[in-house]
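The values are calculated or read from the model by the stated rules, or taken from the named source; none is laboratory data. Everything quoted here is computed from the prediction, not taken from an experiment. FYI the Cβ positions are ideal-geometry reconstructions off the backbone, even for glycines, and counts take in every protein chain you see.
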Amino acid sequence: MPRSPDLRILGIPIHDVTLDEAVEQAAAWVREGGVHQMATVNPEFVMAARRDPAFRAVLEGADLCLPDGVGITLAARYLGRPLRERVAGVDLAEALAARAAREGWRLFLLGAAPGVADRVASVLTARYPGLTVAGTHAGSPRREEEDDIVRRVREARADILLVAYGAPAQDLWLARNLVRTGAKVGIGVGGAFDYIAGVVPRAPRWMRRAGLEWLYRLIRQPWRWRRQRVLPLYALLVLISRWCPL
């Protein structure tokens, strides 16, 4: 049974978990077996889940909903439930790769554009000697491809499956298929592969610390305004929710 959330933002569950704790929890799940899903929740997740009952159900059923995005940490602080740390999908992917190299876990990298997962595998195995990337595949979240992808992951004997299809597609895909893959932990990591592979540069550390990574992304990728246009409404609803739960 999923752990009870530490708070809810506009009705969407959030767990107050640090990066180190998320990695330790993944380690425990790999040791114990079973099937466990993590989600990296940002404001766009929250707004999408409010519109999409299926996506909301996936987040409700996830074992951990990690606070990814400064909009989540700011909202939590405003609501009087401050979170200890933001856990970005790219940082989690890197930390899991480092731990996997030490523990002997097998990773499978699924998603992003063709060739990107292969580049991520090369970067991570060079960065973390001993890491086993058991398989990579771009594929797509289309249902007609699911059986083939599941077969690939199962044959790779993956312990941890990282999926980079973007939300909500990656999270819905995991909810439908993770149990069939044989992987013990599945995590949707959004654009993490693009950052690790160097396809998209990440914001400088000072901008990340200042909570301005969203602005850097918007400058580098102007098309993101279509996704970020929900942010003003998100902020307004959070302000209202302190006095009138939504």
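So here's what we get for this one:
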read-out	value
Residue list for region 74-90, filter: more than 18 Å from Pro245 (Cα to Cα) and part of a helix (DSSP H, G or I)	Gly89, Val90
Any hit, region 108-122, residues being assigned to a helix (DSSP H, G or I), basic (Lys, Arg) and touching a strand residue (DSSP E or B) at 6+ places or on another chain (Cβ under 6 Å)	no
Meets criteria (touching a helix residue (DSSP H, G or I) at 6+ places or on another chain (Cβ under 9 Å), in a helix (DSSP H, G or I) and under 28 Å from Glu155 (Cα atoms)) for Ala39	no
Gly80, sole failed condition from (1) farther than 19 Å from Tyr128 by Cα; (2) within 15 Å of the chain's Cα centre (by Cα)	(2)
Count - residues of region 91-107 that are within 23 Å of Pro67 (Cα to Cα) and either touching a Lys or Arg at 6+ places or on another chain (Cβ under 7 Å) or part of a strand (DSSP E or B) (or both)	1
Meets criteria (in contact (Cβ under 8 Å) with a residue 40 or more places away in the chain, farther than 22 Å from Glu103 by Cα and among the hydrophobic types (A, V, I, L, M, F, W, C)) for Val35	no
Of the criteria (1) crowded, with 18+ Cβ neighbours inside 10 Å; (2) touching a Ser or Thr at 6+ places or on another chain (Cβ under 6 Å); (3) not aliphatic (A, V, I, L, M), which one Thr73 fails	(2)
Matching option when the condition is under 20 Å from the mean Cα position of the chain (by Cα) and of a type outside the set (A, V, I, L, M), among Glu155, Glu146	Glu146
Members of region 160-180 found to be modelled with pLDDT of 95 or more, of a type in the set (A, V, I, L, M, F, W, C) and within 9 Å of the chain's Cα centre (by Cα), listed by number	Leu162, Val163, Ala164
The lone exception for Arg86 - which of (1) buried (at least 19 other Cβ atoms within 10 Å of the Cβ); (2) in contact (Cβ under 8 Å) with a residue 24 or more places away in the chain it fails	(2)
Scan of region 151-174 for residues that are buried (at least 21 other Cβ atoms within 10 Å of the Cβ) and not in a strand (DSSP E or B), ordered by number	Val153, Ala156, Ala158, Asp159, Tyr165, Ala167, Pro168, Gln170, Asp171, Trp173, Leu174
Any hit, region 14-27, residues being at pLDDT 95 or above, over 15 Å from the mean Cα position of the chain (by Cα), of a type in the set (Gly, Ala, Ser) and farther than 30 Å from Gly198 by Cα	no
Top-ranked residue of region 1-58 - restricted to ones that are of a type in the set (A, V, I, L, M, F, W, C) and in contact with a Cys (Cβ under 6 Å, 6 or more places away or on another chain), ranked as surrounded by the fewest Cβ atoms within 10 Å (Cβ to Cβ)	Ile14
Failed item, numbered, when Pro129 is tested on (1) part of a helix (DSSP H, G or I); (2) more than 19 Å from the chain's Cα centre (by Cα); (3) farther than 21 Å from Val199 by Cα	(1)
Every pair of residues 6+ apart whose Cβ atoms lie under 6 Å, when the first sits in region 143-164 and is within 19 Å of Glu103 (Cβ to Cβ) while the second is modelled with pLDDT under 95 and part of a strand (DSSP E or B)	none
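Here is a yes/no grid of residues against (1) in contact with a helix residue (DSSP H, G or I) (Cβ under 7 Å, 6 or more places away or on another chain); (2) charged (D, E, K, R); (3) modelled with pLDDT of 95 or more; (4) exposed (fewer than 13 other Cβ atoms within 10 Å of the Cβ):
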site	(1), (2), (3), (4)
Ala100	no, no, yes, no
Ala117	yes, no, yes, no
Thr125	no, no, yes, no
Gly130	yes, no, yes, yes
Pro141	yes, no, yes, no
